[in-house]
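Shown next, in C-alpha cells, is the structure this report addresses.
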Ligand SMILES: CC(C)(COP(=O)(O)OP(=O)(O)OC[C@H]1O[C@@H](n2cnc3c(N)ncnc32)[C@H](O)[C@@H]1OP(=O)(O)O)[C@@H](O)C(=O)NCCC(=O)NCCS
C-alpha cells in the first residue's frame, strides 16, 4: 500500500477513479458528473498542476484519492480544504484511507493552520472516519445538495493542524 502525490502523468487514472466515485456515490460529492464528463485528459493534467492530489495505490493501481486546496486570498489562505476523499469499495477498511489522510495532514501542516471539509449528513461511515481523524462538526447546511429531485443536508467539519500532529 502506498500513497503518493499525483502528477500530471496520473491524469487518466485520476479521471477514471473520479468518474467512478461520482457515479457510485452521487450524494457524497458536489461535483456534477455531467459537467465533469466533458473534461479531457488535458484538463485533468491542468487540474493536477493547479491542485494537490494524493493517490492511494494497492498493487500499483489507483484505489483512492484525496485533494488539498487553499484559496488565494491572504485573509483565508490559512485554511485548507479537504475534498475528493474516496477509497474504492474493495479497499475500504484496509487502512488506505488512513494513509491518504496521513499524507494529507502532513502536507496541510506545512501549509495551513486548519482544515475544513463538507460531508453529506447521512454519510455515517465517512463522518466516523473524519471524527477518528480529529474532525468535529461545526455546522449544517440544510438542502445543500439536490440530487435526482431529493435535497440532502451537508455538514461542515473542522480540525486544526500543527507540527505536533
Ligand atoms: C469515506 C471513506 C474514504 C472512508 O474510508 P474507509 O476505508 O471506508 O474508512 P475506515 O473503514 O477506515 O473507517 C470508517 C469507519 O466507519 C465505520 N463504519 C463502517 N460502515 C459504517 C456504517 N454503515 N455506518 C457507520 N459507521 C460505519 C467503520 O467501522 C470505521 O469505524 P472505526 O473508526 O471505528 O474503525 C470511504 O468509505 C469512501 O470512499 N466512501 C465513499 C465515498 C465517500 O463517502 N467519500 C466521502 C466524501 S465527503
Out of the residues in region 107-130 meeting the condition of being assigned to a helix (DSSP H, G or I) and in contact with a strand residue (DSSP E or B) (Cβ under 7 Å, 6 or more places away or on another chain), tell me which one is nearest to the ligand (Cβ to nearest atom). 126
How many of the residues making up region 52-69 are surrounded by fewer than 20 Cβ atoms within 10 Å (Cβ to Cβ), within 16 Å of the ligand (Cβ to nearest atom) and more than 19 Å from residue 154 (Cβ to Cβ)? 4
Need pairs with beta-carbon distance below 6 Å; first residue at pLDDT 95 or above and within region 100-125, second in a helix (DSSP H, G or I) and near the ligand (Cβ under 9 Å from one of its atoms); sequence gap 6+ or separate chains. 119/126; 119/127
Against the definition (within 13 Å of the ligand (Cβ to nearest atom), outside any strand (DSSP E or B) and buried (at least 21 other Cβ atoms within 10 Å of the Cβ)), how does residue 11 come out, yes or no? no
Checking residue 104 against (1) within 7 Å of the ligand (Cβ to nearest atom); (2) touching a strand residue (DSSP E or B) at 6+ places or on another chain (Cβ under 6 Å); (3) assigned to a helix (DSSP H, G or I), only one condition comes out false. Which one? (1)
Among the candidates 162, 94, residue that is more than 28 Å from residue 49 (Cβ to Cβ), in a loop (DSSP other than H, G, I, E, B) and in contact with a helix residue (DSSP H, G or I) (Cβ under 7 Å, 6 or more places away or on another chain): 162
Condition broken by residue 152, with the remaining ones in (1) farther than 28 Å from residue 13 by Cα; (2) over 18 Å from the mean Cα position of the chain (by Cα); (3) surrounded by fewer than 18 Cβ atoms within 10 Å (Cβ to Cβ) satisfied: (3)
Please state which one of 91, 97 is surrounded by fewer than 19 Cβ atoms within 10 Å (Cβ to Cβ) and within 15 Å of the ligand (Cβ to nearest atom). 91
Based on this model, can you work out whether residue 19 counts as within 19 Å of residue 90 (Cβ to Cβ) and assigned to a helix (DSSP H, G or I)? yes
So which residues in region 70-90 are assigned to a strand (DSSP E or B) and touching a helix residue (DSSP H, G or I) at 6+ places or on another chain (Cβ under 9 Å), if there are any at all? 80, 82, 84, 85, 86, 87
Just one of (1) more than 13 Å from residue 3 (Cα to Cα); (2) surrounded by 13 or more Cβ atoms within 10 Å (Cβ to Cβ); (3) at pLDDT below 95 trips up residue 49, so point out which. (2)
Residue 67: passes all of (1) in a strand (DSSP E or B); (2) in contact (Cβ under 8 Å) with a residue 40 or more places away in the chain but (2)
Could you check how many residues of region 70-86 are surrounded by 13 or more Cβ atoms within 10 Å (Cβ to Cβ) and either more than 14 Å from the ligand (Cβ to nearest atom) or more than 10 Å from the chain's Cα centre (by Cα) (or both)? 4
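The values are calculated or read from the model by the stated rules, or taken from the named source; none is laboratory data. On a predicted model such as this, the values are computed, not experimentally measured, just so you know. FYI the Cβ positions are ideal-geometry reconstructions off the backbone, even for glycines, and counts take in every protein chain you see.
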